[in-house]
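None of the figures in this text is laboratory data; all of them are computed from the coordinates on show. The structure displayed is predicted, hence computed values, not measured ones. Glycine also receives a Cβ, built like all others from the backbone with ideal geometry; neighbour counts cover every protein chain displayed.
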Amino acid sequence: MRLRNPRAIVFDLDGTLVDSRADIAAACNHALVAAGRAALPEAIIAGFVGDGARVLLARALGVDAGSAEIDGAIGPFNAYYAAHAAVHSRWMRGALAVLDALPPLPIALATNKPRQATVALLAALGATRRFGSIYCGGDGPLKPDPEAITRALLPLGVAAADAWVIGDGVQDIGAARAAGAGSVAVLGGFTEEEKLRGARPDVVVVSLGEVMALVEEARR
């Protein structure tokens, strides 16, 4: 499918721009151990990422997201993660190149990650000022709710119909579709390819290195 020329692009963070799985796993395991549970392998925890900290912990603990056990785990998780958000996290392949190439096209960030950890991670990577708008978990509804996209775009003055959402998760694709934005799925993140393609994104790319070619094609 040919996407329309974008007036802004909204990026997901974890698994799309940044490989943060090791730091997320460390924070999750800190919370598990604090709750008297055994730590889990990083690969297992990575599969739980995408729907916010509360759901991540629910999956790791094997309980319902409304469980009181989550209330006791979320504090240790948030505190540890905010203090250790960028110990191992690194840019995904092609991320810096595309962030450098896109301006003056406005760029926003819409993540389900808690704001405190998001701010700490972006600051450690020297990336805070790259985004004209940053929407985080706790600011409002989480993706796939379309409000995450529309509110990320609001400070940029761009309607969702004139924007693309780029992410590695089904949440990103669902939020884009619900908001009326174009969607670009990036393989190689936290979501298995079959599951990501099953979300029916408008376009699938192997890496972020393909994004500029998509933008140039849409401009023609």
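Taking neighbour counts of Cβ atoms within 10 Å as a proxy for exposure, in what order, fewest first, do Y80, Y135 appear?
Y80, Y135
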Yeah, the range 21-83 with a ≥ b ≥ c from its alpha-carbon gyration tensor (a/c under 1.5 is rounded, else prolate when a/b outruns b/c, oblate otherwise) is rounded
Please check: in the Gaussian network model of the chain (C-alpha springs, under 10 Å), which one of V205, V18, V186 has the largest mean-square fluctuation.
V205
What area, in nm² and to one decimal, does the C-alpha convex hull of the range 26-131 cast on average over all directions?
7.1
Could you give the radius of gyration (one decimal) and Dmax (whole number) of the Cα atoms in the range 94-220, in Å?
13.8, 40
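Dividing the Cα convex hull volume of the chain by residue count, how many Å³ per residue is that? Walk me through the numbers on the way to the answer.
On the way: hull volume 23.4 nm³, N = 220.
Here the figure is 106 Å³ per residue.
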Rounded to the nearest 0.05, what FRET efficiency is calculated for R197 and A43 with R0 set to 30 Å and r the Cβ-Cβ distance?
0.90
Most mobile listed residue (A110, A95, A68) in the chain, GNM with C-alpha springs under 10 Å
A68
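Distances over 14 Å make up what percent of all Cα-Cα pairs in the range 173-220? Don't jump to the answer; show the numbers that get you there.
On the way: 590 of 1128 pairs.
Percentage above 14 Å: 52.
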Of the trypsin sites (Lys or Arg not before Pro) in the range 1-36, which ones lie in a loop per DSSP and count no more than 16 other C-beta atoms within 10 Å?
R2, R4, R7
